[in-house]
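The values are calculated or read from the model by the stated rules, or taken from the named source; none is laboratory data. Given the structure is predicted, the values throughout are model-derived calculations rather than measurements. Here Cβ is always computed from backbone atoms with ideal geometry, including for glycine, and neighbour counts include all displayed protein chains. Heads up: the accessible areas ignore ligands, DNA and RNA and are worked out on the full protein's heavy atoms, side chains in. Shrake-Rupley method; radii C 1.70, N 1.55, O 1.52, S 1.80 Å.
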Amino acid sequence: MTQSPFHRIRRLPPYVFEQVNKVKAGARAKGVDIIDLGMGNPDLPAPDHVIEKLKETIGKPRTDRYSASKGIPGLRRAQATYYARRFGVKLDPDTQVIATLGSKEGFANMAQAITAPGDVVLCPNPSYPIHAFGFLMAGGVIRSVPATADEEYFRAMERAMQHSIPKPIAVVTCYPSNPTAQVADLDFYAELVRFAKKHDLIVLSDLAYAEVYFDDANPPPSILQVPGAFDVAVEFTSMSKTFSMAGWRMGFAVGNERLCAALARVKSYLDYGAYTPVQVAATAALNGPEDCIHEMRATYRKRRDALVESFGKAGWDIPAPQASMFAWVPIPDQFKPLGSLEFAKLLVEKAEVAVAPGIGFGEHGDDYVRIAVVENEQRIRQAARNVKRFFDGAATTLHNVIPIAAAGR
């Protein structure tokens with residue numbers, strides 16, 4: 001039997017973050033205390049009332065049985081109520097709400113549902129990996145557009161529609177953006193809906209960071225607030241960041257009935273939904289008090305401010321994000337020739353700080369790293385001190401490393 005890679009595996013590039021993880025694991029094996037600001041993995045606890053509801057539900061009659069693939073009715077109603085409360089958007093919980101095993105699974109299975117071999121999908125670059133690779137695994141082709149929410153975005157979209165063969169079937173958006181923390185307003189979404197209708201495009205909107213924002217006067221909107229958006233759009237949300245329930249794997253797809261039905265059909269063959277007590281607890285989160293959301297937001301705001309201040313003093317200017325738990329940070333000029341992957345490895349080795357290399361989010365991310373505020377303020381300030389020590393000594397300790405790397409690029 002030959003050992004050539006399987007067809008779908010060949011379509012996937014090496015997982016860039018795994019290379020940083022290996023360096024990180026090697027350092028930890030030697031007893032080094034690595035401050036990990038790489039993965040967007042919330043360190044805050046899930047709300048007490050949600051955990052109590054989980055405990056209360058486990059072991060009750062029937063809860064150990066197969067659950068509902070598209071989500072138990074109470075959970076879908078709770079998500080519809082959340083959309084009405086937060087965005088003023090009315091959803092039919094029976095036909096326009098699908099519970100998913102996190103937004104990542106929802107995206108991947110929506111790609112399976114709508115993609116034929118060779119279909120072209122427009123995807124921001126840089127972007128969260130599943131936005132592109134969900135479609136690549138489904139046999140599609142990716143054409144990149146900017147990750148910005150501006151006129152250049154629509155110019156690139158127009159070029160894509162003119163020059164792509166076959167014509168694109170869908171476009172992915174993600175605001176607040178992972179990884180860039182870029183935000184979009186309702187005017188942008190209105191123009192996108194108009195564009196999508198003109199060109200017969202499906203819009204898949206990732207709104208996972210809807211509640212992680214720092215401008216209280218301008219909370220991130222939903223594309224479904226735009227009149228006519230239901231004709232073209234499905235939006236994905238997650239409980240991972242809003243309620244610090246990342247490991248619970250609970251998310252939603254909402255919007256266009258035909259697309260929701262297609263996702264539900266695919267999921268019905270693949271899974272029986274999340275464990276029922278998890279769905280019941282998720283329902284309690286959506287219907288419960290919002291104090292925990294305000295506390296989460298305040299915590300991330302303080303951490304963001306600590307990151308910007310302390311890293312700035314260390315000689316590394318951090319653009320302050322308006323939303324998300326990430327900062328999208330240009331690599332300092334003296335290290336740019338290394339590229340983001342080698343720079344990220346160097347930070348682990350020399351500063352004992354882990355960040356996510358921008359190249360892992362697409363070729364246009366290679367001059368950046370993504371820094372996640374998933375450690376407390378004290379640890380973030382310690383990371384800044386480590387970085388300053390590394391930067392201060394780099395001129396003498398790395399005089400050979402950087403020119404060699406630059407020559408090889």
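Surrounded by fewer than 20 Cβ atoms within 10 Å (Cβ to Cβ) and over 18 Å from the mean Cα position of the chain (by Cα): is that true of Gly247 in this structure?
Numbers: surrounded by fewer than 20 Cβ atoms within 10 Å (Cβ to Cβ): yes; over 18 Å from the mean Cα position of the chain (by Cα): no.
When the stated conditions are applied, Gly247 does not pass them.
Report yes if Leu91 is assigned to a loop (DSSP other than H, G, I, E, B), out of contact with any Cys (no Cβ under 6 Å at 6 or more places or on another chain) and surrounded by 15 or more Cβ atoms within 10 Å (Cβ to Cβ), otherwise no.
Numbers: assigned to a loop (DSSP other than H, G, I, E, B): yes; out of contact with any Cys (no Cβ under 6 Å at 6 or more places or on another chain): yes; surrounded by 15 or more Cβ atoms within 10 Å (Cβ to Cβ): yes.
Yes; evaluated as a whole, the condition is true for this residue.
Give the range 95-118 a look and list any residue that's within 13 Å of Ser240 (Cα to Cα), among the polar types (S, T, N, Q) and either at pLDDT 95 or above or open to solvent by 30 Å² or more (accessible area, probe 1.4 Å) (or both), or say none.
Thr100
Go through the residues of the range 38-51 one by one and say whether even a single one is in contact (Cβ under 8 Å) with a residue 60 or more places away in the chain, touching a strand residue (DSSP E or B) at 6+ places or on another chain (Cβ under 6 Å) and among the small types (Gly, Ala, Ser).
The answer is yes, given that some residue of the range 38-51 is in contact (Cβ under 8 Å) with a residue 60 or more places away in the chain, touching a strand residue (DSSP E or B) at 6+ places or on another chain (Cβ under 6 Å) and among the small types (Gly, Ala, Ser).
Inside the range 1-24, can you point out the residues that are closer than 15 Å to Leu347 by Cβ and either loosely packed, with under 10 Cβ neighbours inside 10 Å or not polar (S, T, N, Q) (or both)? Explain how you work it out, then say what you get.
Going through the range 1-24, the residues closer than 15 Å to Leu347 by Cβ turn out to be 16-17, 19-24.
Result: Val16, Phe17, Val20, Lys22, Val23, Lys24.
Anything in the range 268-292 that is at pLDDT below 95 and within 30 Å of Ile202 (Cβ to Cβ)? List them, or say none.
Ser268, Tyr269, Leu270, Asp271, Tyr272, Gly273, Ala274
Return yes when Ile223 is open to solvent by less than 10 Å² (accessible area, probe 1.4 Å) and either touching a strand residue (DSSP E or B) at 6+ places or on another chain (Cβ under 9 Å) or modelled with pLDDT of 95 or more (or both) and no when it is not.
When the stated conditions are applied, Ile223 passes them.
Within the range 293-340, which residues are surrounded by 14 or more Cβ atoms within 10 Å (Cβ to Cβ), in contact (Cβ under 8 Å) with a residue 60 or more places away in the chain and among the polar types (S, T, N, Q)?
Thr299, Ser310, Gln322, Ser324
Let's see how each residue does on (1) more than 20 Å from Phe154 (Cα to Cα); (2) β-branched (Val, Ile, Thr):
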position: Lys197; (1), (2): no, no
position: Asp200; (1), (2): no, no
position: Val203; (1), (2): no, yes
position: Ala208; (1), (2): yes, no
position: Pro219; (1), (2): yes, no
position: Leu224; (1), (2): no, no
